[in-house]
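Before any comments, here is the structure.
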Amino acid sequence: MDKIVILTFDVEEDCPPFAETRRGMEEGLPRVMDLLEEFKIKGTFLFTGRIAEEFPELAERAGKKHELGCHGLEHERFDRLSFEEAKRRLEEAREILSRFSDPVSFRAPNFQFPDMYYRILAELGFKVDSTKARHKGWGEGVTEINGVLEVPATTTSIVTRLPWKIQKRFHRKFESPIVYIFHPWEFVRMPRTLRPDCWFGTGESALEKLRKLIEFHLDNGARFLTLREFYEEYQKLKRE
Ligand SMILES: [Zn+2]
């Protein structure tokens, strides 16, 4: 496989649980989708069920022009929930998202998801997960966990908000498939009363850096895939 880049967006309220606003969806996400569509690139938009209910037009656009996936029901910590409760919430989230698309991709909030719970994902028809993260100590590459393909996240979202000259060095070194994580609220200027990682580099400059990142990888011949597309190519390669 050539170099593959997967742009994922965790679609949730602004910097949870520190802010209660929805500016990421009101102001940020439409512009992000415009940018990707300008480049004819598809993003993977992992919505919480509640945000999909609140912003159905965005969930629909994600489902039609990109990939719509799942980021829990209401940004809960699954490692603090029983198996039954986790299942109930994932069923509800899936039911909501299914009104717009047939979701197959998942990432748990806060990168917390017990391996045993992957069975719930498989049972509900999810095929690919991106909860494991290198910056959270995950050392393996793409692998399978309890019937779900794990495509680990490459880096934390703060990296893509660093000055371009600095972050560029990272992009060169990242191994394929490179899975980036963004959030709608990063593309809106967040108030400095929040934790520094909630406002650092947010706003217009984050959008400019996303444009630079796309151009950088296109110039280097990378291919942009959604998580679902990656899963499909991976299955095909496995069969060959
Ligand atoms: Zn999240």
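Some notes on this structure:
- Rg ratio for the stretch 4-239: its Cα radius of gyration over 2.2 N^0.38 Å, N being its residue count, equals 0.94.
- For the stretch 4-239, share of DSSP beta bridges that run antiparallel, in % to the nearest 5: 10 percent
- Its Cα gyration tensor gives the stretch 47-88 an equivalent ellipsoid. The semi-axes, each the square root of 5 times an eigenvalue, are 24, 10, 7 Å from largest down.
- Over the chain, relative contact order from alpha-carbon pairs under 8 Å, at least 6 apart, %: 27 percent
- Protein accessible area in the stretch 1-136, 1.4 Å probe - carbon and sulfur %: 46 percent
- Exceeding the 20 Å Cα-Cα cut-off - candidates Lys64/Lys238; Lys87/Lys238; Lys42/Lys127; Lys132/Lys236; Lys3/Lys236; Lys3/Lys136: Lys64/Lys238; Lys87/Lys238; Lys132/Lys236; Lys3/Lys136
- Computed over neighbours whose Cβ is under 9 Å from that of His71, the net charge equals -1, Lys and Arg +1, Asp and Glu -1.
- Three principal axis extents of the stretch 72-115 based on alpha-carbon atoms, in descending order, are 28, 19, 18 Å.
- Its relative contact order, with pairs defined as Cα atoms under 8 Å and 6+ residues apart, puts the stretch 19-109 at 31 percent.
- Neighbours of Glu91 by Cβ distance under 12 Å: Lys/Arg scored +1, Asp/Glu scored -1, total -1.
- Cα gyration tensor shape for the stretch 101-172, rounded if a/c is under 1.5, else prolate or oblate: prolate
- Multiplying the residue separation of Arg169 and Asp219 by 0.36 nm and removing their Cα-Cα distance gives an extension gain of 16.5 nm.
- Spin-label pair Lys3/Arg195, simplified geometry with 7 Å Cα→Cβ offset, distance in nm: 3.2 nm
- Other residues whose C-beta falls under 10 angstrom from the C-beta of Lys3 contribute a net charge of -1, scoring Lys and Arg +1 and Asp and Glu -1.
- Dipole of the chain, positive end: most advanced residue of Phe200, Phe55, Thr131 [Cβ charges, Cα centre]: Phe200
- Sites listed here are GluC sites (Glu not before Pro) in the stretch 83-184 whose DSSP assignment is loop and whose Cβ has at most 16 other Cβ atoms within 10 Å: Glu140, Glu175.
- Atom-type composition of the exposed protein surface of the stretch 138-197 places 54 percent of the accessible area on carbon and sulfur (1.4 angstrom probe).
- The stretch between Glu91 and Asn146 holds 18.0 nm of extra length on full extension. This uses 0.36 nm per residue minus the Cα-Cα distance.
- Phi to ³J(HN,Hα) by Karplus 6.51 cos²θ - 1.76 cosθ + 1.60 over the stretch 75-85, Hz, x for Gly, Pro: 6, 7, 8, 5, 6, 9, 10, 6, 4, 5, 5
- Considering only Gly24, Leu81, His66, and ranking their Cα positions along the charge dipole of the stretch 1-93 that arises from unit charges at the beta-carbon of Lys, Arg, Asp and Glu, the one farthest toward the positive end is His66.
- For the stretch 4-239, the solvent-accessible area works out to 44 Å² per residue, with a probe of 1.4 Å and every protein chain left in place.
- Listed as lacking a disulfide-compatible partner in the chain: Cys70, by the criterion of no other cysteine Cβ under 4.7 Å.
The values are calculated or read from the model by the stated rules, or taken from the named source; none is laboratory data. Since the structure is predicted, the reported quantities are computational estimates derived from the model, not experimental observations. In this analysis, Cβ positions are derived from the backbone assuming ideal geometry, glycine residues included, and neighbour counts consider all displayed protein chains. All accessible areas refer to the heavy atoms of the entire protein, side chains included, with ligands and DNA or RNA removed. Shrake-Rupley method; radii C 1.70, N 1.55, O 1.52, S 1.80 Å.
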